[in-house]
1. Return the total of residues in the stretch 100-144 being over 12 Å from K164 (Cβ atoms) and aliphatic (A, V, I, L, M).
2. Can you tell me which residues in the stretch 83-93 are at pLDDT below 90 and either of a type in the set (S, T, N, Q) or surrounded by fewer than 14 Cβ atoms within 10 Å (Cβ to Cβ) (or both)?
3. Going by what's in this entry, would Y48 be described as buried (at least 17 other Cβ atoms within 10 Å of the Cβ), under 14 Å from G81 (Cβ atoms) and without any contact (Cβ under 8 Å) to a residue 60 or more places away in the chain?
4. Under 8 Å between Cβ atoms, which residue pairs at least 6 apart in sequence (or on different chains) link something in the stretch 92-114 that is farther than 22 Å from N13 by Cα and not assigned by TED's automatic domain parsing to the domain that holds S57 with a partner that is of a type in the set (G, A, S) and surrounded by 13 or more Cβ atoms within 10 Å (Cβ to Cβ)?
5. Mind checking which pairs have a first residue in the stretch 1-21 that is within 17 Å of T92 (Cβ to Cβ) and a second that is of a type in the set (D, E, K, R) and surrounded by 13 or more Cβ atoms within 10 Å (Cβ to Cβ), Cβ under 7 Å, 6 or more apart or different chains?
6. Would you check which residues across the stretch 97-123 are crowded, with 18+ Cβ neighbours inside 10 Å and within 19 Å of the chain's Cα centre (by Cα) and list them?
7. Which residue, of S87, S50, S70, S59, is within 26 Å of K5 (Cα to Cα) and assigned to a loop (DSSP other than H, G, I, E, B)?
Amino acid sequence: MQTIKNLTHHQDNNKLRITFDWPAETTQVHIAKENDFTKAKLFTLQEYKSSGGFVTSKSPGITNYYIFPSKQESGQNIPTGEAAHISYTHQTIIHFQLEEKTDQYKHHKLTLQSEAHIPAATLYYVKNDHPPQSITDGIKYPIEAIRQAPLTRIIRTNKDEYIKLFLKDGENLYKLEGK
């Protein structure tokens, strides 16, 4: 039985490159994303050599790939070995901008944008009478889901109150960037 060995991945810009030791006497493999073998992609040794591995676009979050050797027999693609598995995590960047204007109140204009959908209650802003240091350092308000279009919210506070943006505890699939 043929096996895929030394499976690794590398991330460059928006691409994911998966490399492995190609099984001897195999001219093709199938690559399935998220264990959906009905949509497995046929990938040949020639394609592997010309591209330096299997190259695909990165998907936000955790993604799993399954690669298994195969052969063509009577017009059918037949697995000739067990599937090898590799996972990777791509942090989705959430861009934010927080502007402040003051009259008798503070008006905070919060603009959020992401390369992918961000579920509701992934982000919170925290309000307190001093600059919040953590998600538990004040009153916590959830932010609704973010689509790819910018989400803008005006948050009104008293002049002596501050707000700060936080990811929910334990959230590591997202990264905040901005000011």
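1. 6
2. Within the stretch 83-93, T89, Q91, T92 qualify.
3. No: the conditions fail for Y48.
4. Close Cβ pairs (under 8 Å, with a partner that is of a type in the set (G, A, S) and surrounded by 13 or more Cβ atoms within 10 Å (Cβ to Cβ)) amount to Q97/G178; L98/G178.
5. Pairs found: Q11/K58; N14/K58; K15/K58; L16/K58.
6. Residues satisfying the conditions are L112, Q113, S114, I118, T122, L123.
7. Among S87, S50, S70, S59, only S59 is within 26 Å of K5 (Cα to Cα) and assigned to a loop (DSSP other than H, G, I, E, B).
Conditions (1) modelled with pLDDT of 90 or more; (2) in a strand (DSSP E or B); (3) surrounded by 13 or more Cβ atoms within 10 Å (Cβ to Cβ), marked per residue:
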residue	(1), (2), (3)
N6	yes, yes, no
H9	yes, yes, yes
T19	yes, yes, yes
T38	no, no, no
I78	no, yes, no
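The values are calculated or read from the model by the stated rules, or taken from the named source; none is laboratory data. What you are looking at is a predicted structure, and each value in this text was computed from that prediction instead of being measured. Cβ sites come from the backbone with ideal geometry, for glycine too, and all protein chains shown count toward neighbours.
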